[in-house]
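Report on the structure given below.
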Amino acid sequence: MGVRGETARASVAIGTDAVIRIAGVWTLPELPAIEREVASASWPAGRDLVWDASQVTAMDSGGAVLLHRTLVQLDRQGRHVTLRGLRPEFAELLKLVSAHWTRVGREATGPSANWLERVGAFAWNRLQQWIGGLGFLGESAVALVRSLAAPRSIRWRALWNSLELDGFNALPIIGLLTFLMGIVIAYQGAEQLRSVGANIFIVDLVGIALLREIAPLVTAILVAGRSGSAYTAQIGTMQVTEELDALRTLGLSPMKVLVLPKVLSLAIALPLLTVYADVVGVFGGMLIAAGQLSVTFLEFLTRFEEAIALRHFLIGVVKAPVFAAIIALVGCYQGFQIRGGVDDVGRHTTISVVQSIFLVIVFDAFFSILLSWWKL
């Protein structure tokens, strides 16, 4: 971002009339030289300083940041600075930097020397993030209730498309991973059970572990990495390209157009994917039981029906919609937080995946503790 004219070496000079004259090209390649001149300058002793910028021939956002930062530092020293002669296009750029200085200045001025100030800024930023997240959660809940009360307002085509992308297209990777998890669990347990002659109990190990914990958790983690990141990237790209502003201009709510179809489709898809993962994972365990412990498929299924209570299956399925809501809301929320360019999209996509997986594991642990208290 910048405005350029004819090229000339940038300079900062103090005249005999105590007027500070800046000239030349104030652009990114020249910033190191300009910073050295500013750092070594001895400003006039008077309280009022006049900066003459009439000889500045080019300026981009980097030069505007450096100029504004210098003026802010002088102002903090108690100096009254008057800037004159700056071209209108450069003045507009400087005005834009000044308007966003609260955000830009944190990087431009470097870290504060006061550790207490840094701790306070960190705590304040985290508090703002929590407040923003709670606000987004509340807005989503209200929009969901209103949409369920008026089903015609739901964008069904977007919901079905999302259901296909996030549900049906995820079947191969989820099937492969849970099949391998069933094999690993059965294989690791086979050695121990064979040593004590309790081969048939491989059914209990595989069935309870997969249905209650492994299948819903692995499915949620895979969906968080696959779909949650896609949500953030899609909404973030629309934010950067100002498509969200265009939606609002047309009178459309991004919450109803983008967020609700994703939340509803994932709430439908994740329980179904969990059931699919249960079946495939148990089948993988059956293969190892037959090959390593001589437990036939018929014996496995007979023991499975007797030993595995229905509540284990239901607990895993009930967890899935909660995990789906976490993944969809975190992914969409991080997409709306993107303000910069492509780099910001990548950063928030990573944050989305990490936060989704972290919260899924936290809520899974919460479910385990709660169900243990209820003796389920």
Restricting attention to the stretch 338-363, and to residues there that are open to solvent by 60 Å² or more (accessible area, probe 1.4 Å) and modelled with pLDDT under 90, which single residue is nearest to Lys256 (Cα to Cα)? Arg339
Quick one: how many residues across the stretch 249-279 are in contact (Cβ under 8 Å) with a residue 60 or more places away in the chain and among the β-branched types (Val, Ile, Thr)? 4
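Matching residues to (1) modelled with pLDDT under 95; (2) among the basic types (Lys, Arg); (3) on the phi > 0 side of the Ramachandran plot:
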{"residue": "Glu242", "(1), (2), (3)": "yes, no, yes"}
{"residue": "Leu250", "(1), (2), (3)": "yes, no, no"}
{"residue": "Val257", "(1), (2), (3)": "yes, no, no"}
{"residue": "Val275", "(1), (2), (3)": "no, no, no"}
{"residue": "Ile288", "(1), (2), (3)": "yes, no, no"}
{"residue": "Glu299", "(1), (2), (3)": "yes, no, no"}
Number of positions in the stretch 287-302 that are open to solvent by 20 Å² or more (accessible area, probe 1.4 Å) and part of a helix (DSSP H, G or I): 10
Give me the residue from the stretch 151-204 that is of a type in the set (Gly, Ala, Ser) and crowded, with 19+ Cβ neighbours inside 10 Å and, out of that set, nearest to the chain's Cα centre (by Cα). Ser162
Part of a helix (DSSP H, G or I), open to solvent by less than 30 Å² (accessible area, probe 1.4 Å) and free of Cβ contacts under 8 Å to residues at least 40 places away in the same chain: is that true of Gly207 in this structure? no
Scanning the stretch 28-70 residue by residue, those modelled with pLDDT of 85 or more, polar (S, T, N, Q) and not in a helix (DSSP H, G or I) turn out to be Ser54, Gln55, Thr57
Tally the residues that are closer than 30 Å to Gln188 by Cβ and surrounded by fewer than 23 Cβ atoms within 10 Å (Cβ to Cβ), restricting the search to the stretch 252-283. 7
Within the stretch 308-321, residues being in a helix (DSSP H, G or I) and open to solvent by less than 30 Å² (accessible area, probe 1.4 Å) number 5
Report yes if some residue within the stretch 12-27 is open to solvent by 50 Å² or more (accessible area, probe 1.4 Å), over 21 Å from Val97 (Cβ atoms) and assigned to a helix (DSSP H, G or I); otherwise report no. no
It is to be established whether one or more residues within the stretch 160-181 are assigned to a helix (DSSP H, G or I), over 22 Å from Phe297 (Cβ atoms), in contact with a helix residue (DSSP H, G or I) (Cβ under 9 Å, 6 or more places away or on another chain) and of a type in the set (Gly, Ala, Ser). yes
Which ones in the stretch 136-158 are more than 15 Å from Ala325 (Cβ to Cβ) and in a helix (DSSP H, G or I)? Arg146, Ala149, Pro151, Arg152, Ser153, Trp156, Arg157, Ala158
Taking only the stretch 72-131 into account, find how many residues are at pLDDT below 85, over 26 Å from the mean Cα position of the chain (by Cα) and aromatic (Phe, Trp, Tyr). 1
Scan the stretch 327-360 residue by residue and report those that are more than 12 Å from the chain's Cα centre (by Cα) and of a type in the set (Val, Ile, Thr). Val342, Val360
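The values are calculated or read from the model by the stated rules, or taken from the named source; none is laboratory data. Please read these numbers as outputs of a predicted model, since none were measured by experiment. Reconstructed Cβ throughout: ideal geometry from the backbone, glycine too, with neighbour counts over all protein chains shown. We work out accessible area using only protein heavy atoms, side chains counted, and drop any ligands, DNA or RNA first. Shrake-Rupley method; radii C 1.70, N 1.55, O 1.52, S 1.80 Å.
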